[in-house]
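Read the structure below first, then the notes.
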Amino acid sequence: MIKKLVAMLFIVMASMTNVYAEDEEQLEEYAYYGFEPDIVTNYISNRKKLGFVRLSVELMVKDPDELLKLEHHDPLLRAAIVEILGNQTEEKVKSLTGREEIRREVYDTLNRLLERETGKPFVVNLLFTKYLYD
């Protein structure tokens, strides 16, 4: 009885190790593309003083080979981000929910542009790693 229990425990542990190894392999495939330098632009301000926002944007892709495509289309993608930010209100830029709405709009727009230019949308996630405003 104990031998059967030990054997079953060994089988369960071996299968769990295999699952973790598969998860690690999947995670290692992802790559990130960061826009350099940071994106700095104005937004619609209610004050006499001009408001600006400074972002660090990272694009997550599943296949590292897609980084070359992102680099090639960097100017197009950067221009789209600047245009989206320039059309935002001060309230939206400064609120947490507004920031998430902007992030989502940028993500959707970039994937649409990439689909138009390359034939497929391959950005898995978009991260704002720096988000400063005045």
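Worth a mention:
- Fully extending the segment from residue 48 to residue 87 would add 12.3 nm, taking 0.36 nm per residue of separation and subtracting the current Cα-Cα distance.
- Debye intensity ratio I(q)/I(0), log10, the stretch 22-131, q values 0.24 Å⁻¹ (C-alpha model): -1.36
- Spatially, the stretch 30-54 and the stretch 74-134 are offset by 10 Å when compared through their Cα centroids.
- Subtracting the Cα-Cα distance of residue 56 and residue 130 from their residue separation scaled by 0.36 nm leaves 26.2 nm.
- Net dipole in debye of the stretch 33-134 [+1 Lys, Arg Cβ; -1 Asp, Glu Cβ; about Cα centre; nearest 20]: 480 debye
- Solvent-accessible heavy-atom area per residue, rounded to whole Å², over the stretch 36-134 at 1.4 Å: 57 Å²
- Largest-first ellipsoid semi-axes for the stretch 51-106, taking √(5λ) over the Cα gyration tensor eigenvalues, angstrom: 25, 13, 8
- Sorted largest first, the spans of the alpha carbon positions of the stretch 78-134 along the three principal axes are 37, 19, 16 Å.
The values are calculated or read from the model by the stated rules, or taken from the named source; none is laboratory data. Just so it is clear, the model here is predicted, and its values are computed rather than measured. Glycine gets a Cβ as well: all are built from the backbone with ideal geometry, and neighbour counts include every protein chain shown. Heavy atoms of the whole protein, side chains included, go into the accessibility calculation; ligands, DNA and RNA do not. Shrake-Rupley method; radii C 1.70, N 1.55, O 1.52, S 1.80 Å.
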